[in-house]
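So the structure is just underneath, and the comments pick up after that.
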Amino acid sequence: MISLQHVSARAGRFELTDVSFDVPQGTYGIVIGPAGAGKTTLLETIAGVARATAGRILLGGEDMTAEPPERRRLGIVYQHAYLFPHLTVRQNVEYGAATGDDVDDVSARFGVDALAGRSVESLSGGERQLVAIARALARRPEVLLLDEPFSALDPRTRNVVRRVLRTVYYERRFTVLQVTHDFSEAGLLGDVAIMLDRGRVVQQGDPAEVFRKPASAYIADFLGAENVFAGTAQPIRSEAPDWVAGHADDFAQYAVAFTTGALTFYALGDVVPGPTHAVIRAEEISLSAEPATSSVQNQFRGTIIEIVPAGALSRVTVDVSGTPIVAAVTARSVRELGLRAGAEVVAGFKATAVHLC
Amino acid sequence: MTAVRRSVGTIVVALIASLFLLFIVAPVVGLVSSGGARGLATLASDRELLASLWLTIATATIATVLGMLGGTPIAYLLARRTFRGRAVVAALMDLPLVIPHPVAGIALLLVLGRASPIGAALYQAGLRVAGSSTGIVCAMLFVSAPLYVSAAREAFARVDARYESVARTLGDDAWRAFRRVTLPLSARGLTAAAVVMWARAISEFGAIVILTYNPKVVSVLSYDRFTSYGMSEALPVAAVLVLFALVPLAALRALRAGEPVVSS
Amino acid sequence: MLGILADTLLVYVAASLTRPIQPVLEAFSARTGIVVQRESGASLEHVRKITELHRIPDLLLLADVEVFPQLLVPKYSTWYAEFARNRMVVAYTKRSKHANEINRDNWTEVLRRGDVEVGRTDPDLAPVGYRTLIMLKLAERFYKKPGLAKSLISAASERNIRPNAAELAALLAAGELDYIYDYQSVAESNGFSYIALPDEINLGDARRAREYSTASVRVRGPTRGSETEFKGEPILYGLSVPREAPHPDAAARFLAYLTSPEVINQLRAAHVDMLDHPVVVGTGAPAELR
């Protein structure tokens with residue numbers, strides 16, 4: 001586990017002030033914040049590479065504040081792999097490992113065993129990140145720190161790397177703290193979300209809560225999404241509903257059924273089946289009196305709970321089988337559709353609007 | 001219109017570059033061609049010159065090794081750590097470069113001479129500084145170490161500190177991370193720095209001659225020959241010195257050719 | 001153009017003469033407005049500058065009058081003048097080992113002690129160097145101790161040799177050496193104590209010229225592999241204005257100043273043993289000197 005208690009630190013121009021949060025053992029923590037928030041400094045302070053000027057850092061229950069990095073039993077993966085250029089791939093992976101078996105095992109899991117004798121410069125970006133993660137995990141750390149590890153990768157590679165990492169994580173259940181400036185890049189919301197801005201923690205807690213009830217308008221803006229659902233994702237290749245038939249094959253490959261509470265909606269994504277989150281921006285939800293017959297794959301009847309005008313748009317919250325869905329609609333549409341609290345309405349959104357993470 | 005201006009600019013730059021190159025090369029070529037070759041032929045029989053060469057190479061090498069041992073930690077600290085007074089330390093390290101050479105020799109005499117506390121202790125222990133090869137090494141070390149430190153600092157700075165950070169998290173303590181990662185990655189740069197220091201040590205005159213006149217290093221010998229016999233006897237010595245300068249130059253070229261790029 | 005040339009005077013000065021002559025040069029410059037450029041060094045250095053580099057000065061003041069007939073006359077100069085005497089001494093400071101013990105009678109023994117650092121000038125480069133050797137040979141004869149010269153020379157070992165008298169004096173002042181063989185003028189102007197050596201050996205008495213000439217040394221000659229022999233002679237400083245001096249008028253004015261009673265007294269007070277009148281050898285010397 002990772003526990004920070006009133007930690008302050010400074011590294012060059014970046015500062016942390018009075019940072020406190022807990023990431024329970026074996027859970028996945030996400031640190032979100034804009035550029036310059038101090039996210040990398042946070043990771044480096046936890047790693048012991050940057051010195052904390054105040055507060056305590058506990059890892060696995062032990063006070064590690066005064067310990068040097070090599071004794072903290074953690075691994076770090078930066079945005080750029082930082083593979084040692086003078087060593088081969090295998091030498092990189094085995095750099096901190098205890099046994100050759102660990103190295104073989106982790107190399108196989110991440111698919112880098114075939115690259116063993118290659119030089120670092122001959123690798124592609126995605127290969128490098130895989131090697132970097134394998135290197136960190138070969139040592140069997142208790143904590144894994146990730147500094148936007150996928151942001152330098154192209155989307156396809158990103159998915160591959162993300163998926164492998166998540167699989168290994170589920171198996172080994174080390175504690176993860178991942179830093180990102182964009183939650184959609186993170187690929188998942190994890191178990192604990194920590195919002196960092198200008199070196200301070202501005203909000204923390206269950207990701208769904210943080211997203212649904214951003215502590216400030218700023219956070220809300222930054223996250224840019226009001227509809228966050230925790231649920232289960234299931235690929236539905238063979239049981240694809242009729243709207244998938246007739247589309248390109250890769251479309252079919254990514255069809256997913258996402259169930260939250262009593263609702264199931266269709267989404268597109270490359271997911272590991274199991275618990276995940278679905279995020280939908282309010283702007284992508286349309287309201288109508290009757291179900292539309294167009295390509296909107298998700299349509300639900302519900303009752304309006306409240307309407308909050310906000311400038312040119314109004315935020316309309318609709319109760320669909322017990323799950324609230326927020327739609328952003330123009331004031332004009334509100335008038336034209338005669339929307340008011342208690343009215344019945346159909347909320348619809350495309351499968352592509354459902355963001356799984 | 002701009003195309004014309006551009007080509008005029010190129011011509012001017014090329015002209016300046018050629019003139020400057022000529023300025024550097026002409027005296028050397030003139031030296032070697034005016035009897036330097038004849039002098040080289042007699043080199044093998046010139047015992048005094050051979051002994052002087054051997055002394056110069058040996059002392060310069062010892063000075064360079066000492067400079068690397070003492071200067072590498074300082075260069076590393078300057079490159080990696082921000083501490084209060086870092087700029088002062090860096091400036092102090094550069095001081096010997098701006099002191100006129102004879103003044104440097106006098107300064108060393110003040111600190112290491114028989115009449116000083118340190119010098120007296122050394123003298124008691126049987127280690128003479130002035131008038132010995134020890135004095136030569138001290139003078140060479142003093143004037144050329146700053147070159148090593150600033151070049152070595154550059155070499156370390158070119159290795160991203162994050163490599164060390166990663167190595168630390170992978171279980172290395174600070175020394176191991178330095179040895180297994182930073183050192184191999186900066187090795188070429190450090191070697192080039194040492195070569196520069198060596199070349200500077202070989203060519204020193206003013207500081208050395210204050211501390212140690214006998215035994216004579218090559219620079220002192222060439223001046224001595226000039227003073228005693230004139231130009232014609234000084235030329236072979238000078239030509240030999242020029243050839244010696246080619247050795248570090250060639251080494252530097254070989255090192256730079258294979259420099260790896262270490263950015264990520 | 002000529003007007004600008006007349007305003008400069010370039011002087012090459014023997015190292016041992018530098019300190020006493022500097023105030024004279026400065027006073028001359030202040031009086032006449034002529035800019036004086038002084039270069040100090042060993043006599044042979046100055047000769048090489050003239051013969052090899054063709055950097056001709058207006059005036060040469062050298063520690064050894066012998067250099068003129070040997071290397072400079074008649075090609076570079078048609079005359080020279082002896083203008084001051086000097087003698088060899090053994091100089092030391094109160095920091096020197098056994099300083100309170102040494103005297104005229106025991107100096108040869110003290111200088112051979114193992115814990116004493118003795119320095120001398122390079123005989124191949126500077127007159128004071130080979131004069132030291134000649135003096136030691138004379139001493140061997142005078143004290144009737146065979147082998148004395150050789151053992152005293154090896155006591156002043158190679159590593160304590162310096163290229164000129166001034167550098168040697170500097171090392172004594174710095175405490176690096178205990179005793180040096182040098183000119184009396186250098187010892188006095190640096191404030192050193194010194195042993196006044198007997199006139200029979202100190203090369204300072206003009207009447208003993210024949211005695212002195214019985215001792216001689218061989219040093220490196222003007223070309224490699226050659227040797228030159230120097231016989232003992234009274235130490236005389238010499239000066240000359242080279243043929244091709246760029247500002248001969250300024251040089252002549254300085255010579256008039258240098259030989260004025262006021263300056264002669266000033267230099268004597270600065271421990272330069274000036275002759276009452278310079279003794280000119282050769283032809284073409286300026287009228288101011290006669």
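Overview of results
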item	result
Distance from segment C:247-280 to segment A:81-129 (C-alpha centre basis), Å	87 Å
By average C-beta atoms within 10 angstrom, highest first, the peptides B:143-152, C:169-178	B:143-152, C:169-178
For residues of C:171-181, the mean tally of beta carbons on other chains within 10 Å	4
Mean Cα-pair separation over length for chain A, i.e. relative contact order, pairs under 8 Å, 6 or more apart, %	15 percent
Rg/Rg_globular for segment C:88-231, with Rg_globular taken as 2.2 N^0.38 Å and Rg from C-alpha atoms	0.99
DSSP bridge pairs, the protein assembly as shown: antiparallel proportion in percent, nearest 5	75 percent
Alpha-carbon centroid distance for the pair segment A:308-349 / segment B:123-154, whole angstrom	83 Å
Charge-dipole axis of the protein assembly as shown as Lys and Arg at +1 and Asp and Glu at -1 on Cβ define it, positive-most pick from C:ALA155, B:ILE24, A:GLY48	C:ALA155
Peptide A:43-56, shielding by other chains (average Cβ, 10 Å cutoff)	1
Dipole moment magnitude, nearest 20 debye, segment A:1-128 about Cα centre, only Lys, Arg, Asp, Glu C-beta charged	440 debye
Segment B:43-100-segment A:23-43 distance, computed between alpha-carbon centres (Å)	46 Å
Pair B:ALA51, A:ALA54: separation of 7 Å Cα→Cβ label points (nm)	7.2 nm
Rg ratio (alpha-carbon, reference 2.2 N^0.38 Å) - segment B:133-264	1.41
Charge-dipole axis of segment A:99-197 as Lys and Arg at +1 and Asp and Glu at -1 on Cβ define it, positive-most pick from A:ASN159, A:MET195, A:ALA114	A:ALA114
Cβ charges +1 (Lys, Arg) and -1 (Asp, Glu), total dipole of segment B:47-257, debye	620 debye
Cα centre as origin, Lys/Arg/Asp/Glu Cβ charges: the protein assembly as shown dipole, Debye	1660 debye
Selection from C:GLN22, C:PHE68, C:VAL90 lying farthest towards where the dipole of segment C:1-145 points positive, charges on Cβ	C:VAL90
Value of Rg/Rh across segment A:1-57 [Cα atoms, Kirkwood radius]	0.94
Estimated inter-spin distance, B:LEU22 and A:ARG13, nm [label 7 Å along Cα→Cβ]	4.8 nm
Share of pairwise Cα separations in segment A:2-224, more than 33 Å, in percent	13 percent
Residues C:ALA269 and C:GLU158, FRET efficiency given R0 of 30 Å [Cβ-Cβ distance, rounded to 0.05]	0.20
Average beta-carbon neighbours from other chains, 10 Å sphere, peptide A:68-77	5
More than 30 angstrom apart: percent of Cα pairs within segment B:47-257	32 percent
Förster radius 56 Å - calculated FRET efficiency between A:MET1 and B:LEU110, Cβ distance, rounded to 0.05	0.35
Per residue, the convex hull volume that the Cα atoms of segment B:57-156 enclose (Å³)	113 Å³
For segment B:10-95, diffusion coefficient by Stokes-Einstein and Kirkwood Rh (Cα), 10 °C, 1.306 mPa s, µm²/s	89 µm²/s
Mean separation of Cα contacts under 8 Å, 6 or more apart, over the residue count of chain C: relative contact order %	30 percent
Taking N as its residue count, the alpha carbon Rg of segment A:104-176 over 2.2 N^0.38 Å	1.05
Semi-axes of the equivalent ellipsoid for segment C:216-290, Cα gyration tensor, largest first, Å	29, 19, 11
Unit Cα scatterers, Debye sum, chain C: log10 I(q)/I(0) for q = 0.12, 0.13, 0.14, 0.15 Å⁻¹	-0.75, -0.88, -1.01, -1.14
Helix-only CD estimate at 222 nm, as mean residue ellipticity for chain A, using -39500 (n - 2.57) per DSSP H run (n ≥ 4)	-6500 deg cm²/dmol
The protein assembly as shown, Rg to Rh (Cα coordinates; Rh as Kirkwood inverse mean 1/r)	1.24
Segment B:67-134: chymotrypsin sites (Phe, Trp or Tyr not before Pro) in DSSP loop, at most 13 other beta carbons within 10 Å	B:PHE83
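Where a number appears in this text, it was derived from the coordinates with a stated rule and is not lab data. What you see is a predicted model; the values in this text were computed from it and never measured. Cβ atoms come from the backbone with ideal geometry, glycine included; neighbour counts cover every protein chain shown.
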